[in-house]
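Presented below is the structure to which this report refers.
The values are calculated or read from the model by the stated rules, or taken from the named source; none is laboratory data. The structure displayed is predicted, hence computed values, not measured ones. A quick note on method: Cβ atoms are made from the backbone with ideal geometry, for glycine too, and the neighbour counts reach across all protein chains shown.
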Amino acid sequence: MKEMNKISIVTVCYNNVSLIEQCVQSVVNQQYPYIEYIVVDGASTDGTLDIIKKYSDKISVLISEEDNGISDAINKGISNCTGDYVLFVNSDDWLQPDVISKIFENSVYYDDLLYGDMQYWKGDNKDYLFKPDHKNLIKEMTINGGASFFKLTTLKELGGFDFSYSYAMDYEISLRFYTHKKKFLYLPYCIANMRYGGVSDVYAFRALDEVFKAKVKHKITSSSAGKLYLYYQKARMLVRIFLEKLGLSFFVELYRSRFSILKKEL
């Protein structure tokens, strides 16, 4: 029998009734035969759980209970995974059609973290394609957690997600893989789609604070040098917001395509 990787997909959600169905459908409609789907709902009260239950025959594990934050909910999902790799699909994101088959049907992987591209959206309109590169993780979140397959055994070896992070937990775990010299592999596929407005977008400055915290924790930077780069990141974000409000998005797009270490293609 042909060897193939088993993929665990985890969705964490809470009160997201307007978007959860697109997310769930994008997972259950994947054609790859070796997928298990774990959904961790934080005891939603807006009808989210009713929508999820419509697909209960295609969901391997469904948990609905209060949690102690996103990292806690993610770790609950991990504890129920039995696959070779884990992919986290947030409740307002969705996978590309049959992308799991395209990646895994004809290849078997052993690397610790596989990562690919992420398509960003503004409302119903495509914005930019995020082009990742793990070599720059020591500076910023240059891969996207929602387009990354984490090897389950390595994820458990390194202790899962850190409960003290609420906004940049995917950066901290990716940086932990990097500082422990785990093997990364870029996959030349657009794996998933992400809307602006997730927790880390809405609380962008808090997310940057947690990125700084993770870099200090893993001894990537000193506190003083790290703070200087943090101030630069926040200033850059404010300039971007200001230019976009003035209708000068051209300059933002030019910076993204030519100068940013976060590679983004229109």
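Can you find, within the range 138-165, the residue that is nearest to D117 (Cα to Cα) among those that are under 14 Å from the mean Cα position of the chain (by Cα) and aliphatic (A, V, I, L, M)?
Selected residue: A147.
Take residues that are buried (at least 17 other Cβ atoms within 10 Å of the Cβ) and of a type in the set (S, T, Y) and tell me which of the helices (runs of 4 or more DSSP H) falling wholly in the range 118-223 contain 1 or more. Quick ask: steps written out before the conclusion?
Numbers: elements: 152-157, 169-179, 199-202, 204-217.
Ranges flagged: 152-157, 169-179, 199-202.
Could you list, ordered by first residue, the pairs with Cβ atoms under 7 Å in which the first is in the range 49-71 and small (G, A, S) and the second is in a helix (DSSP H, G or I), at least 6 apart or interchain?
Every condition considered, the pairs that remain are S64/L49; S71/M169.
Quick check: is even one residue across the range 125-143 in contact (Cβ under 8 Å) with a residue 24 or more places away in the chain and closer than 14 Å to L87 by Cβ?
There is at least one residue in the range 125-143 that is in contact (Cβ under 8 Å) with a residue 24 or more places away in the chain and closer than 14 Å to L87 by Cβ.
Are any of the residues in the range 27-39 free of Cβ contacts under 8 Å to residues at least 40 places away in the same chain, under 20 Å from M194 (Cβ atoms) and touching a Lys or Arg at 6+ places or on another chain (Cβ under 7 Å)?
So the first thing to find is which residues in the range 27-39 are free of Cβ contacts under 8 Å to residues at least 40 places away in the same chain, and the list is 28, 33, 37, 39.
Checking which are under 20 Å from M194 (Cβ atoms) leaves us with 28, 37, 39.
From the residues that got through so far, the ones that are touching a Lys or Arg at 6+ places or on another chain (Cβ under 7 Å) too are 28, 37.
There is at least one residue in the range 27-39 that is free of Cβ contacts under 8 Å to residues at least 40 places away in the same chain, under 20 Å from M194 (Cβ atoms) and touching a Lys or Arg at 6+ places or on another chain (Cβ under 7 Å).
Across the range 18-76, what is the number of residues that are in contact with a Phe, Trp or Tyr (Cβ under 6 Å, 6 or more places away or on another chain), assigned to a loop (DSSP other than H, G, I, E, B) and either β-branched (V, I, T) or modelled with pLDDT under 95 (or both)?
Number of matching residues: 1.
Can you confirm whether Y115 is in contact with a His (Cβ under 9 Å, 6 or more places away or on another chain), in a strand (DSSP E or B) and under 22 Å from M169 (Cα atoms)?
Numbers: in contact with a His (Cβ under 9 Å, 6 or more places away or on another chain): yes; in a strand (DSSP E or B): yes; under 22 Å from M169 (Cα atoms): yes.
Considered against the rule, which asks whether it is in contact with a His (Cβ under 9 Å, 6 or more places away or on another chain), in a strand (DSSP E or B) and under 22 Å from M169 (Cα atoms), Y115 comes out as yes.
Could you tell me whether G83 is part of a helix (DSSP H, G or I) and surrounded by 17 or more Cβ atoms within 10 Å (Cβ to Cβ)? Lay out the reasoning, then the answer.
Numbers: part of a helix (DSSP H, G or I): no; surrounded by 17 or more Cβ atoms within 10 Å (Cβ to Cβ): yes.
Criteria not met by G83.
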